[in-house]
Structures are given as C-alpha cells and as structure tokens.
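Here is the structure we will look at, set down as structure tokens.
Just so you know, all these numbers are worked out from the coordinates, no wet-lab data involved. Since the model is a prediction, treat every value here as computed from it, not as a measurement. Glycine also receives a Cβ, built like all others from the backbone with ideal geometry; neighbour counts cover every protein chain displayed.
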C-alpha cells in the first residue's frame, strides 16, 4: 500500500485520459471526495461520471425506487495532479520538514508544499 500525496479536500486537475472534445475529462478540475490508498484511486467531484442502472424496489414507506443514477467513479491517482493555489495550474507536491519549539519542547512539523510556486497547500 503506497502513501499518496493527494488528500481529501484537495483541488486536483485531470492530466491524462480522453480530451474534453472527445467526451473525456482531461483538463477538468474538481475537489477530492475520497481517497482509496489500497487501490491507489481517488474519487473526484464531477470527474469520471458513470450511469448506474438501479433495479426498482419498494422502500419501507412503500414508495418505488430505481432508474438511472449518475455518480462519480474512482480514477487512478497517477491521472490527476494537485492544483497550485497561486497559479491555478497542476503541480507536484513535496513535504517541508521544520523543527518548531512549542511549550519548551522541539516538535517536528511536516507541511505540504506546491513545487511550482513554493506555497503551502
């Protein structure tokens, strides 16, 4: 199980796949809803939308449910990149390690940083 540099809540951009003019999602940006590190996939809001057919059934109140449901499907983490907050373009992520003194003790603080601009994420 690999450690992923993309976290829930990050703004990411799709960097590979079919282009938008061919019905794909490349170039689109969205917020990460969930991260699945065991399969190295992320769920991104508005990206990789699929249509599911739900079988009609009755609920406890007697109403019928079913039909077509549109939902996001997971996408591989290598196909997305974190968006730089300063320039609004895809960037890599690195970790800056700092030693900070708190309450008379030294603590190590790790901060995620955008490689392109050097800004904190």
Could I have the simple spin-label model distance between residue 59 and residue 34, label points 7 Å from Cα toward Cβ, reported in nm to one decimal?
-> 2.0 nm
Rounded to whole angstrom, the alpha-carbon centroid of region 86-101 lies from that of region 42-67 at a distance of 39 Å
When the chain is reduced to its Cα atoms, the Kirkwood hydrodynamic radius in Å | 16.9 Å
By how many nm would the segment from residue 50 to residue 2 lengthen if fully extended, with 0.36 nm per residue of separation less the alpha-carbon distance?
-> 14.6 nm
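Could you grab the relative contact order for the chain? Cα pairs under 8 Å, six or more apart, rounded to a whole percent.
20 percent
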